[in-house]
Amino acid sequence: MLIKFLNRTLAKVTGKAPVRTILIVPFVLQIVGAVGLVGYLSFRNGQQAVNEVASHLRENISDRVKQYLNTYLATPHLINPINMEYIHANTYTTILLCAATLFVTTGIGILTARWITKTILQLNIAAKEIAKGEWNKTVEIKSSDEVSDLANSFDSMAAQLQASFTEVTALNETLAQSDRKFRAIFNQTFQLIGMVSIDGILLEANQTALDFGGLQREDVIGKLLWECYWWTISEATQTQLQDAIERARRGEFIRYEVEILGFENRVVSIDFSLKPIGDDNGNVEFLILEGRDITERKQARSFLAEYHHNLEAKVAERTAQLLVTNEQLKREIVERKQVEQALRESEERFREIAGTISQFFFVRSASSGQFHYVSPAYEKIWGRTCGSLYHDPKSWLETLHPDDHELVLDSLTEQFKGNSVKREYRIIRADGSIRWIAAEVSVVRDDAGQPLRFVGLAEDISDRKRAEAEIICSKDLLESIFNESTDAIFLVNAETLLITDCNRRAVELFEASSKDELLNIEGRTLQKESFTSEELESIVGDIVLHGFWSRELEYVTKKGKIFWGNLAVKEIYVAGQKIHLVRVTDITKRKQAELALQEREYRLRTLGDNLPNGMIYQLVHEPSGNTYFSYISAGIEHLLGVKPEAVMQDASILHNLIFEEDRLLCEELTEESRHNLSIFEMQMRKRTTQGNLQWSYLRSAPRRLEDGRTVWDGIEMDITNLKLAEKALQENALREQAIVHVLQRMRQTLDIETIFNSTTEELRQVLKCDRVAIYRLYPDWSGEFIAESVANGWVSLVTEQKKDPQLTKDALEDENCQIKALDIEDDLVKDTYLQDTKGGVYSQGASYRVIEDIYKARFAPCYINLLERFQAKAYIIVPIFCGRQLWGLLATYQNSNSRAWSEAEISIVVQIGTQLGIALQQAQLLEETQQQAVALKLALDELKRTQLQLIQAEKMSSLGQMIAGIAHEINNPVSFIYGNLTPARHYFQDLLSLVELYQQTYLNPPREIQQLTEEIDIDFLLEDWSKLMDSMEIGAERIGEIVRSLRNFSRLDEQELKPVDIHEGIDNTLLILQHRLRAEGASEAGRGSNLRPIIEVIKDYGQLPAVTCYAGQLNQVIMNLLNNAIDALENQPAPRVITIRTSVASCHGSVVNTNNQQPITNCIVIRIADNGSGMNEEVRKKVFDPFFTTKPVGSGTGLGLSISYQIIVEKHKGYISCVSALGQGTEFIVEIPVRQT
């Protein structure tokens, strides 16, 4: 009674019923309680099942997928308590009606709870089975109501979980395969590659680097790089490395050559580099180290220097030998005219000569085998005394190398048969050292033709043999000199003896039309007298036995020309295949020289009166000062073109032929020799009667006669060819030095522009020319100057052409011009000759083109006019090939005057052009490697995006299933309530009619009825009943709106593009988030400040058309942005405001039509702003990165904005951006096209 009294009193005063909820429990709370119980049990049991499924999945998938799944499970789902604000009840009813209603609803609630609870328990059991891995577990509900639909949704969710698990497993396998491929490429590269932290700790090293030092991964990974085995060669090397790492961590690219330790403490030279790798902000994250083994290359450089030094020494030594031999022959001629005393003196001089030469000279009896003479060089070469050889002529055989013993014995057999022999063999000295000996023995016969004695010459050729072995074994040297070698080189199949390859010199030497003419044929077919099968078999046996074979043969070219060649064969292995490396050296000139020398020696021995390219003379100086020639051999006529008789009559004839500078020196040396009786020796220049320059070498010994006269017996030799050879050697050394210097500059970088600039500058300095330029050819054979080095005083072609607009016109219209048009627009020099002929002679195989004087080259006047504009008087042009493709031209110009280009200069330019082609190939290889690295990174990024999309799809599917289940569970009881309101109104109206009829029939009811009527205040009850029913109807409609909002937000039935009302989606999202927007924590008295102030939402909606989009995904974006805005205001004091603006505007520039790539003009713009604390620029740049979050651990996944970015940009071809600053709040701007294409 007290409750009813208070209820009526408050209703009369306020018109509301704040405590009516207590009185409508029989009617409403039973239903709501049952629904709440069912929803709570469904949520708890479902959540437990999902957690058990996740626990099982963690044990079966990879760590990376596990992290993504845990991230998903940690994401708070949008499970919001349904806020039923006020469910009003009416107390104007009878106690009988209340009791009846209480009884009916209680019964219905019990039956409903039992019916729903049983189904939920079945779902709970099935979820636990799925968590244990039984993916085919389903729930069968035989009823056709909404609970059956929930069970079917549960079965569908289980099937989706199984499918998702299969896809995740496949993605994990794909990622593992990608990782294995990358590892294979990383470990199989021939370079030493590793990754180092900025603190110098080695993070990763490829297998090549580990094998290089004979190490295991655990020996080096995680250690400081300079403490690893490779770098422990010295403290200086370690300090240098530390300095390099310190510089690299500051962003500098480091590269230098250094010696490190290889396998078994082998010292190896490497080309070492450190490259810093930075993040998006430019900060260095780690360093990439790279090393190339350059030990063989450095050894090749050292060998070349030593080879040139030895060659110069050999030339000088050979010259001295010739001079000594000629001196000996001169003495022999004089000795024939002198008495026995002169013969003894000649023998003594011969012994002196033999003692001074480095070769071992000997004379041996053919009958007894005793040595008549042994030169002192025997002791130097063999390390034994000459006396031991006189005592025991066979003692030298003890020194033979075991492998060569049989070869030497065969040679001795041939020798004693009367045949001349020439052999190369090895000896072992007493100190254990091995020497190579080249021995040649000639036979001196008596008048009957029988062998009388053997005359031999043996030479220590160890240095030459060592050089030959190093040249043959050096791979890098073979590759660099193969095509540029002056010798013909063939590669022959060791089994079939067919030629498989040859160099350019072979084609030239054998006068073949092309390389193909020399391939797949036997080499013996090129010989004048081909080897027989037996000879070939013997040669192959010698090669197998000794590894090397050589002989001098006569060859016939393809055009029938005969020449002498030195054939050398070496057995080598390439890629495990045995082949013969064959070298053929053109020795025709040497053979001719040898024949001429033999002829001269024969004439000297027989006539003693003539020396080819030389003469013998006797000069006499009288005390009176008169000087004359008492004898001059006939060779002077050949040398200088004057008769010997004329010179003997007038010595001034010969004196006047000497160059003035050399004439003064000759007089000084002659006077010194006369005064001291010292040997006169001099090289001088003379001018022959034909006007030719001639270099002569003079050597004579003075003696003073009793009458006071001084007599010189001397020899003069023409050494012009030797001087020319010396000059050629100097030019060759200059060329090699220049090429090495340019190559060093080229190999200091892989940047092709830097290589071009440094190469043109270095080449111009080496050749001392006026201009060096590189001309690039394009696929249509047009071209462009891309690099140029020009001397002071000459203008740059490209710069001058840009300044002179007249040069954009045609040079001339002559059809004979090789360059018909010059157009400098966009820096292009159009060479129509090269374009019309597709590269001209250069693409047809020409290695160079040389013009010494453009005015003598018979060029068309128009071309001469063009060259004059280029300031060119002479030039060398060589092609640059990138592989087999003509890439461009290397041009060398002389502008000041004409120029006779030497062969050495031409060779330098040709070789530099070849090296530029190699540099281009290396640059292309580097570019391809970088492109592969980018492709791998893109593939990895794509895999991450695919995994992220899979996780998001699974999350949204689960969220949609859960929302659908909750919506169904709530919608059923609400439908019961809403559907029973109308019958309840009718029932109450019938009861009211009955009461009114009672009142009309019984005007004076009994006292008990009157008393009860007053107590229940029937008038108020009748009045408030309608309000109670209206309140219940409003509450039911409110619950229905919430359910519809949840369904609209999930949009499970709208997975395709369709027109959508954007404002409706925003309002539905705000309705779901209403619990986070309102104030909480007010005091009991209703006064004072709230613990969490209300968040005011200001909606500034524009007039928007229906937008074609994916509604569910767009709702997710709006939900993410609003949640972030609410999070930003979580700790903000009042006022807390979120502003939402919508409008139609022109699209951002990045919004384009994917079909035709044209900009889209009309877009709808959604702006969601808060007045929170904002963010700094560094954070703002990363807000759309996956897994980036500023929230505490467990409060955020970092996926929301990343997913929103993908939905807007990738799915809707729109644009999303963030505008924020510290203290000024944050605003997100979303643009999507009104129509999707």
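Table for the structure above
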read-out: Any hit, segment 523-545, residues being in contact with a helix residue (DSSP H, G or I) (Cβ under 7 Å, 6 or more places away or on another chain) and in contact (Cβ under 8 Å) with a residue 60 or more places away in the chain; value: no
read-out: Enumeration of residues in segment 539-589 that are over 23 Å from ARG426 (Cα atoms), touching a strand residue (DSSP E or B) at 6+ places or on another chain (Cβ under 8 Å) and in a helix (DSSP H, G or I); value: THR588
read-out: Number of the condition not met by ARG435 [criteria: (1) in contact (Cβ under 8 Å) with a residue 40 or more places away in the chain; (2) under 20 Å from HIS546 (Cα atoms); (3) of a type outside the set (Val, Ile, Thr); (4) out of contact with any helix residue (DSSP H, G or I) (no Cβ under 8 Å at 6 or more places or on another chain)]; value: (4)
read-out: Residue selected from segment 879-891 under the condition in contact with a Ser or Thr (Cβ under 9 Å, 6 or more places away or on another chain) and crowded, with 23+ Cβ neighbours inside 10 Å, by the criterion nearest to ASN757 (Cα to Cα); value: LEU890
read-out: Residue count, segment 1178-1237 (criterion: closer than 19 Å to VAL1060 by Cβ and in a loop (DSSP other than H, G, I, E, B)); value: 7
read-out: Matching residues in segment 225-246 - criterion: being surrounded by fewer than 20 Cβ atoms within 10 Å (Cβ to Cβ) and in a loop (DSSP other than H, G, I, E, B); value: THR232, ILE233, SER234
read-out: Scope segment 1201-1237; condition among the small types (Gly, Ala, Ser) and under 19 Å from VAL1144 (Cα atoms); matching residues; value: GLY1214, SER1217
read-out: Segment 358-383 residues that are farther than 18 Å from ALA430 by Cα and assigned by TED's automatic domain parsing to the domain that holds THR413, paired with ones that are of a type in the set (A, V, I, L, M, F, W, C) and part of a loop (DSSP other than H, G, I, E, B) (beta carbon under 8 Å, 6 or more apart); value: SER375/ILE357
read-out: Any pair with Cβ under 6 angstrom, 6 or more apart, that starts in segment 446-469 at a residue that is in contact (Cβ under 8 Å) with a residue 40 or more places away in the chain and in the same structural domain as PHE362 (by TED's automatic domain parsing) and ends at one that is among the acidic types (Asp, Glu) and part of a strand (DSSP E or B); value: LEU457/GLU440
read-out: Helices (runs of 4 or more DSSP H) within segment 1028-1139 that include 1 or more residues hydroxyl-bearing (Ser, Thr, Tyr), modelled with pLDDT of 75 or more and in the same structural domain as ILE1208 (by TED's automatic domain parsing); value: 1062-1072
read-out: Any hit, segment 635-650, residues being under 30 Å from LEU545 (Cβ atoms) and modelled with pLDDT of 85 or more; value: no
read-out: Residue satisfying all of: in segment 286-300; of a type in the set (Asp, Glu) and modelled with pLDDT under 85; farthest from the chain's Cα centre (by Cα) among these; value: GLU296
read-out: In segment 395-428, residue nearest to the chain's Cα centre (by Cα) [restricted to those that are assigned to a helix (DSSP H, G or I) and aliphatic (A, V, I, L, M)]; value: LEU407
read-out: Flag for LEU1003 being without any contact (Cβ under 8 Å) to a residue 60 or more places away in the chain and either surrounded by 14 or more Cβ atoms within 10 Å (Cβ to Cβ) or touching an Asp or Glu at 6+ places or on another chain (Cβ under 8 Å) (or both); value: no
read-out: Selection status of LEU1222, at pLDDT 85 or above and over 46 Å from the mean Cα position of the chain (by Cα); value: no
read-out: Yes/no for ALA575 being within 23 Å of ASP403 (Cβ to Cβ) and free of Cβ contacts under 8 Å to residues at least 60 places away in the same chain; value: no
read-out: Filtered residues of segment 746-787 (kept if aliphatic (A, V, I, L, M) and modelled with pLDDT of 80 or more); value: ILE752, ILE755, LEU763, VAL766, LEU767, VAL772, ALA773, ILE774, LEU777, ILE786, ALA787
read-out: Close pairs from segment 1197-1224: first closer than 23 Å to THR1108 by Cα and in the same structural domain as CYS1163 (by TED's automatic domain parsing), partner among the acidic types (Asp, Glu) and assigned to a loop (DSSP other than H, G, I, E, B), Cβ under 8 Å, at least 6 apart; value: SER1202/ASP1185
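Listed here are the residues, each with its yes/no results for (1) part of a loop (DSSP other than H, G, I, E, B); (2) of a type in the set (Asp, Glu); (3) assigned by TED's automatic domain parsing to the domain that holds VAL910.
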{"position": "THR486", "(1), (2), (3)": "yes, no, no"}
{"position": "LEU491", "(1), (2), (3)": "no, no, no"}
{"position": "ASP501", "(1), (2), (3)": "no, yes, no"}
{"position": "ALA506", "(1), (2), (3)": "no, no, no"}
{"position": "GLU511", "(1), (2), (3)": "yes, yes, no"}
{"position": "ASP516", "(1), (2), (3)": "no, yes, no"}
{"position": "SER530", "(1), (2), (3)": "yes, no, no"}
{"position": "GLU535", "(1), (2), (3)": "no, yes, no"}
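Each row is one residue, and each column tells you yes or no for (1) at pLDDT 85 or above; (2) in contact with an Asp or Glu (Cβ under 8 Å, 6 or more places away or on another chain); (3) of a type outside the set (A, V, I, L, M); (4) not assigned by TED's automatic domain parsing to the domain that holds LYS944.
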residue	(1), (2), (3), (4)
ASN172	no, no, yes, yes
LEU175	no, no, no, yes
ASP179	no, no, yes, yes
ALA184	no, no, no, yes
ASP199	yes, no, yes, yes
GLU218	yes, no, yes, yes
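Okay, residues lined up against (1) over 26 Å from ARG884 (Cβ atoms); (2) assigned to a helix (DSSP H, G or I); (3) over 29 Å from the mean Cα position of the chain (by Cα):
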site: VAL740; (1), (2), (3): yes, yes, no
site: ILE755; (1), (2), (3): no, yes, no
site: THR759; (1), (2), (3): no, yes, no
site: GLN765; (1), (2), (3): yes, yes, yes
site: PRO779; (1), (2), (3): no, no, no
site: ALA787; (1), (2), (3): no, no, no
site: TRP794; (1), (2), (3): yes, no, yes
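The values are calculated or read from the model by the stated rules, or taken from the named source; none is laboratory data. Remember, predicted model here, so these are calculated numbers, not experimental data. Virtual Cβ from ideal backbone geometry, glycine too; neighbours counted across all protein chains shown.
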